[in-house]
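Notes to accompany the following structure.
The values are calculated or read from the model by the stated rules, or taken from the named source; none is laboratory data. None of these values were measured; they are calculated from a predicted model. A quick note on method: Cβ atoms are made from the backbone with ideal geometry, for glycine too, and the neighbour counts reach across all protein chains shown. Areas reflect the complete protein model, heavy atoms only, side chains present, ligands, DNA and RNA absent. Shrake-Rupley method; radii C 1.70, N 1.55, O 1.52, S 1.80 Å.
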Amino acid sequence: MKTKILIVEDDKNISELIRLYLEKENFEVAQAENGKTGVELFHSFAPDLILLDLMLPVLDGWGVCREIRKTSKVPIIMVTAKDETFDKVMGLEIGADDYIAKPFDMKEVIARIHAVLRRCEKEAPDTVQQLEYENLVIDMDAYQVLVKGARVEMPPKEIELLNFLASHPNRVFTRNQLLDEVWDFDYFGDSRTVDVHIKRLREKIDGVSETWSLKTVWGVGYKFEVESA
């Protein structure tokens, strides 16, 4: 069965270009020219990955992403002419997995698609599905984080990053290591992505416990620091 990709893009020329390249890579492709149709096709076509433009008619890309994230963790790569930090950060905060700015090289788009799909298809039977620390539960089966017993809303990538760090307490990871492990970006990763997610995590869990915390190791990276018993 072919891997299915949904392109949500109002520029017909760009959408057709992407479709041709994806079909050459043996993907099954569906196309939507506005956000409303994109959400409808998400439900009927059931894509394995979505390429999503931000500036769309009827419903913009942020709105599409929010709607999809209410029910699904399907990978979303935003493709847009907007390359400002605000737009990139907002896209990541509401649950996008990656971000590509126009004009783009189709080889890079294909590489990113394969990287994101590869990460999602990884089987990890030995991975701990639920971690518990004082006032904190990370449940990867339900994809949720509980702080003092109450669920805290987080995009999937924040949960995955927190889970990865908490699964390796007191170990320091560089930004590039985190990109490789959590995003599987390889060469294409942007270290600012990690910084944004760490900042957002801290806003939600800092001060929850005196026995653990997210720490910055200056000049190196980040760690989930746990006090020794």
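Key figures
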read-out: Every residue from segment 212-229 that is open to solvent by 60 Å² or more (accessible area, probe 1.4 Å), more than 26 Å from V116 (Cα to Cα) and out of contact with any Lys or Arg (no Cβ under 8 Å at 6 or more places or on another chain); value: W218, G219, E227, S228, A229
read-out: Count of segment 179-211 residues which are within 24 Å of S228 (Cβ to Cβ) and either at pLDDT below 90 or crowded, with 18+ Cβ neighbours inside 10 Å (or both); value: 3
read-out: Boolean, L52 is closer than 30 Å to A142 by Cβ, modelled with pLDDT of 90 or more and buried (at least 16 other Cβ atoms within 10 Å of the Cβ); value: yes
read-out: Pairs with Cβ under 6 Å, 6+ apart, first in segment 98-109 and among the acidic types (D, E), second surrounded by 15 or more Cβ atoms within 10 Å (Cβ to Cβ) and part of a strand (DSSP E or B); value: D98/I77
read-out: Any hit, segment 127-136, residues being modelled with pLDDT of 85 or more, outside any strand (DSSP E or B), farther than 15 Å from I50 by Cβ and open to solvent by 30 Å² or more (accessible area, probe 1.4 Å); value: yes
read-out: Pick from segment 25-43, criterion modelled with pLDDT of 95 or more and open to solvent by 60 Å² or more (accessible area, probe 1.4 Å), ranking: farthest from M140 (Cα to Cα); value: E33
read-out: Residues that are without any contact (Cβ under 8 Å) to a residue 40 or more places away in the chain and not charged (D, E, K, R), drawn from segment 9-21; value: N13, S15, L20
read-out: Complete set of residues in segment 44-64 that are in a loop (DSSP other than H, G, I, E, B) and not hydrophobic (A, V, I, L, M, F, W, C); value: P47, D48, D53, P57, D60
read-out: Lone qualifier among L214, L146, L165 - being more than 30 Å from F27 (Cβ to Cβ), within 17 Å of the chain's Cα centre (by Cα), at pLDDT 90 or above and of a type outside the set (F, W, Y); value: L165
read-out: Residues satisfying the stated conditions in segment 155-169, i.e. among the hydrophobic types (A, V, I, L, M, F, W, C) and open to solvent by 20 Å² or more (accessible area, probe 1.4 Å); value: F164
read-out: Matching residues, segment 56-86, being within 16 Å of I14 (Cα to Cα), at pLDDT below 90 and open to solvent by 40 Å² or more (accessible area, probe 1.4 Å); value: A81, K82
read-out: Members of segment 1-24 that are open to solvent by 10 Å² or more (accessible area, probe 1.4 Å) and either among the hydroxyl-bearing types (S, T, Y) or in a helix (DSSP H, G or I) (or both); value: T3, K12, N13, I14, E16, L17, R19, L20, Y21, E23, K24
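Table: residues versus (1) without any contact (Cβ under 8 Å) to a residue 12 or more places away in the chain; (2) over 10 Å from I7 (Cα atoms).
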residue	(1), (2)
A30	no, no
E40	yes, yes
H43	yes, yes
P47	no, no
I50	no, no
M55	no, yes
